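One structure is given here, and the rest of the page talks about it.
The values are calculated or read from the model by the stated rules, or taken from the named source; none is laboratory data. Everything quoted here is computed from the prediction, not taken from an experiment. Counting neighbours? That spans all protein chains shown, and the Cβs are built from the backbone with ideal geometry, glycine included.
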Amino acid sequence: MNFTILIVDDEKNIRSGLARALESDGYRAVTAENGQAAWNIINSEEVDAVIADLKMPKLSGEELLKRISSSYPTIPVIILTGHGTIESAVAAMRDGAFDFVTKPVNLDRLSLLVKRAISNRELYRQHTALKEEMELLKKKQKFGKIVGKSSRMKQVMDVVEQVADTRASVLITGESGVGKELIADALHDLSSRARQPYIKVHCAALSESLLESELFGHEKGSFTGAASRRRGRFELANKGTIFLDEIGEINAQLQIKLLRVLQERTFERVGGEDPISVDVRIITATNKDLSAEIQAGRFREDLFYRLNVVHVHVPPLRERKEDIPLLTTAFLKEFSDENGKNIQGISQKAGALLYNYTWPGNIRELRNCIESAVVLCRGDVVEVEDLPLSIRQGSEDEQIMIPVGMSLEEAQQKIIQATLSHYGGNKSRTAEVLNIGRKTLHRKLQDSSID
């Protein structure tokens, strides 16, 4: 991409000299002799960065900066200043300038600043595009809280939409932190029971003695401390939905009672004799392998089949890595708003670390990571040093050994093959990482017969 840099200075020699230097770096240079002429150019064509002198006739650099910051906040402005006006340049940075360089201009420093400024602008563009994509996905797919566009998540959401408005029991499986509860929420929200009670019970959080009373209620005096009759969660969920998280943790006695509810839609309170009928849709979730639990004698096979009428498996984050940028954008917005910050995006290096990390804690771990990064971030872009140490250490790229004496062609083949393997055969991602065109990659693959 040929980026356009606007140079604004009332001295012709400075304008032409900087233009030649930037053009030699591969940029398209446009010049203006004062702030007003520059403002007209900015309003009429695409400009990626501005280099502006502070003191100019008609419209000063300070006033031009204020206009750009107000109307085009993502265009970075680098200030040119003499040694006598450095204080003004520092003030300009407080007003939104990207940085400043003193005259006579150090071209190496200017080249570095322009490169950084353009990189930041591209990050803002990518972040904005991801936010727009995220909002579009939310409007399209009816799932307000679920973020994802990967094929694996599309399959999950298709099933959810298909079975939501039925009475069928749904078993949601997946590793800890993948978002099983969000799937349960969607099943209820998209059903005709959405306006009826939605009761959640985390089975692992309650002791065995408390869980039975919590689920089915108890009569007064049924045990020590039962001072009055209490309705259980199943009664409270009548006509609606009950979500039993970590269902693999319930004991054998509760499994029998739950099986009866599924079969007959009736139960008795603890200490009670009168059967209570309920109309409840049951959704359960677990991170355990219930088939293995059945084999070990810890879970009833007949209960498993009653719960598993529809099975929804939520894939781990490492198997849906294309969702990481969207999830990161969603969490950046959430925690930026929560902490009163204006985080505009995440640097390419930091983004690469997030992409290459294996995420054993899945989306919950990514969410915590972004919250920490937002809190620690001192600028408006999350950098590598803002990420938790565990992410930085756990995302080290695979090493490719190139022995001395290997030909350049052989080394190239090895790098392409290792990169393609690392990204699971994804040619678009491989071409992007190697900084070559997709057609070039295809040609190199054909030339070297890499499968």
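The residues on offer are Ile5, Ile68, and the sole one that is under 35 Å from the mean Cα position of the chain (by Cα) and part of a strand (DSSP E or B) is Ile5. If the condition is being touching a residue at least 60 places away in the same chain (Cβ under 8 Å) and assigned to a loop (DSSP other than H, G, I, E, B), then region 239-288 contributes only Asn287. The set of residues in region 1-13 being modelled with pLDDT under 90, closer than 17 Å to Lys58 by Cβ and surrounded by 14 or more Cβ atoms within 10 Å (Cβ to Cβ) consists of Asp10 alone.
Say whether the condition of being out of contact with any Cys (no Cβ under 9 Å at 6 or more places or on another chain), modelled with pLDDT under 75, assigned to a helix (DSSP H, G or I) and closer than 25 Å to Tyr357 by Cβ is met by at least one residue in region 399-408. No: zero hits. From the list Val77, Val30, Val105, the one residue that fits, being surrounded by 21 or more Cβ atoms within 10 Å (Cβ to Cβ) and either aliphatic (A, V, I, L, M) or in contact (Cβ under 8 Å) with a residue 24 or more places away in the chain (or both), is Val77.
Taking Ala184 and the conditions (1) assigned to a loop (DSSP other than H, G, I, E, B); (2) of a type in the set (Gly, Ala, Ser); (3) under 24 Å from Ile256 (Cβ atoms), which numbered condition does it fall short on, given that it satisfies the others? Going through (1) assigned to a loop (DSSP other than H, G, I, E, B); (2) of a type in the set (Gly, Ala, Ser); (3) under 24 Å from Ile256 (Cβ atoms) one by one, Ala184 breaks only (1). Checked against the criterion of being modelled with pLDDT under 85, surrounded by fewer than 17 Cβ atoms within 10 Å (Cβ to Cβ) and either among the acidic types (Asp, Glu) or more than 20 Å from Val50 (Cα to Cα) (or both), the candidates Glu161, Glu132 yield just one match: Glu132. Taking residues in region 373-392 that are modelled with pLDDT under 85, and partners anywhere that are loosely packed, with under 15 Cβ neighbours inside 10 Å, the pairs with Cβ atoms closer than 6 Å and at least 6 places apart or on different chains are Asp380/Asn342. Within region 213-232, identify whether any single residue is among the small types (Gly, Ala, Ser), in contact with a Leu (Cβ under 6 Å, 6 or more places away or on another chain) and within 16 Å of Val278 (Cβ to Cβ), and answer yes or no. Scanning region 213-232, I find at least one residue that is among the small types (Gly, Ala, Ser), in contact with a Leu (Cβ under 6 Å, 6 or more places away or on another chain) and within 16 Å of Val278 (Cβ to Cβ), so the answer is yes.
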